[in-house]
1. Can you tell me how many residues within the stretch 44-55 are part of a loop (DSSP other than H, G, I, E, B) and surrounded by 12 or more Cβ atoms within 10 Å (Cβ to Cβ)?
2. Could you tell me how many of the residues in the stretch 41-75 are under 24 Å from residue 165 (Cβ atoms) and either in contact with a strand residue (DSSP E or B) (Cβ under 6 Å, 6 or more places away or on another chain) or free of Cβ contacts under 8 Å to residues at least 60 places away in the same chain (or both)?
3. Among the helices (runs of 4 or more DSSP H) lying completely within the stretch 159-255, list those that include at least 3 residues that are under 15 Å from residue 122 (Cα atoms) and out of contact with any strand residue (DSSP E or B) (no Cβ under 7 Å at 6 or more places or on another chain).
4. Being closer than 30 Å to residue 111 by Cβ and at pLDDT below 95, is that true of even one residue in the stretch 204-217?
5. If I ask for residues that are within 17 Å of residue 206 (Cβ to Cβ) and surrounded by fewer than 23 Cβ atoms within 10 Å (Cβ to Cβ), which ones from the stretch 153-184 would you list?
6. Only one of 132, 121 is without any contact (Cβ under 8 Å) to a residue 60 or more places away in the chain and touching a helix residue (DSSP H, G or I) at 6+ places or on another chain (Cβ under 7 Å); which?
7. Six or more apart or on different chains, Cβ atoms under 8 Å: show the pairs whose first residue is in the stretch 1-29 and within 17 Å of residue 190 (Cα to Cα) and whose second is at pLDDT below 65 and surrounded by 13 or more Cβ atoms within 10 Å (Cβ to Cβ).
């Protein structure tokens, strides 16, 4: 128990110092300012080249999504996630140790060039996120949390950032073992994080990006707008277009749906007319639904 308490203490102090350093020391390797810069740049593109020209520059609940930016990317880790995840990893490793398992690495790719390792972890992680995203739509209790992300009724770059904190736990938990089994020789995935952040924001942006044949590889605003459609076709009752950065998984596994481009497509939750509009309500609602208070 003392070991876990020390882990918690170290996690809080370590992340607090990291967070303060991020804010006070701008640099090219600073995630905090990359997030702000990318968000501002894509917002300016939305203002200059809007796909839905009748959508306001500051769309409804824009500032709620801006708060989700800081909550999901920084504050939640500071308050709970970083400490909980470090304790969970240690507990999992201790459990494996009971059976004599001291190393999860099954495949070691550390001898490969760094650029190839980055490509491999990006592709592997993106596939896993596609699969987990699909689960969020097919498993009832997971969908209750994912509804928060789909509650937006006006699409814009910041819609990427509106999601329930439980999604962090679901994604990271299901990703952990497969990624831990691969012995990457690099500890810095900064480039991968920034690339997925920017492409994710562009995928939600109020922009029309013509990808040509690249649409079979990369996700974009047109394809992802359809993913947020308020009314789903009978052929896809649980949704479609689950791709995060890459769209190729949807085309490979026949979960794609792209009948046409419609910038005025209604988006949101068809069965949740009274879904909470505030941060606290949105984060409490899934637990109420799961544990029997069907409001």
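The values are calculated or read from the model by the stated rules, or taken from the named source; none is laboratory data. Computed from a predicted model, the values in this text were never measured in an experiment. Virtual Cβ from ideal backbone geometry, glycine too; neighbours counted across all protein chains shown.
1. The initial filter retains those residues of the stretch 44-55 that are part of a loop (DSSP other than H, G, I, E, B), namely 49-55.
After this cut, where a residue has to be surrounded by 12 or more Cβ atoms within 10 Å (Cβ to Cβ) as well, the list is 49-52, 55.
Counting residues in the stretch 44-55 that are part of a loop (DSSP other than H, G, I, E, B) and surrounded by 12 or more Cβ atoms within 10 Å (Cβ to Cβ) gives 5.
2. Adding up the residues that qualify gives 4.
3. On the way: elements: 165-180, 190-204, 221-227, 248-252.
Filter on the stretch 159-255 gives 165-180, 190-204.
4. no
5. Correct list: 153, 154.
6. Matching residue, one of 132, 121: 132.
7. Close Cβ pairs satisfying both conditions: 15/78; 15/82; 15/83; 19/78.
Quick grid of which residues meet (1) touching a residue at least 24 places away in the same chain (Cβ under 8 Å); (2) surrounded by 22 or more Cβ atoms within 10 Å (Cβ to Cβ); (3) closer than 26 Å to residue 60 by Cα:
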position: 206; (1), (2), (3): yes, yes, yes
position: 217; (1), (2), (3): yes, no, no
position: 225; (1), (2), (3): yes, yes, yes
position: 230; (1), (2), (3): yes, no, yes
position: 233; (1), (2), (3): yes, no, no
position: 236; (1), (2), (3): no, no, no
position: 254; (1), (2), (3): no, no, no
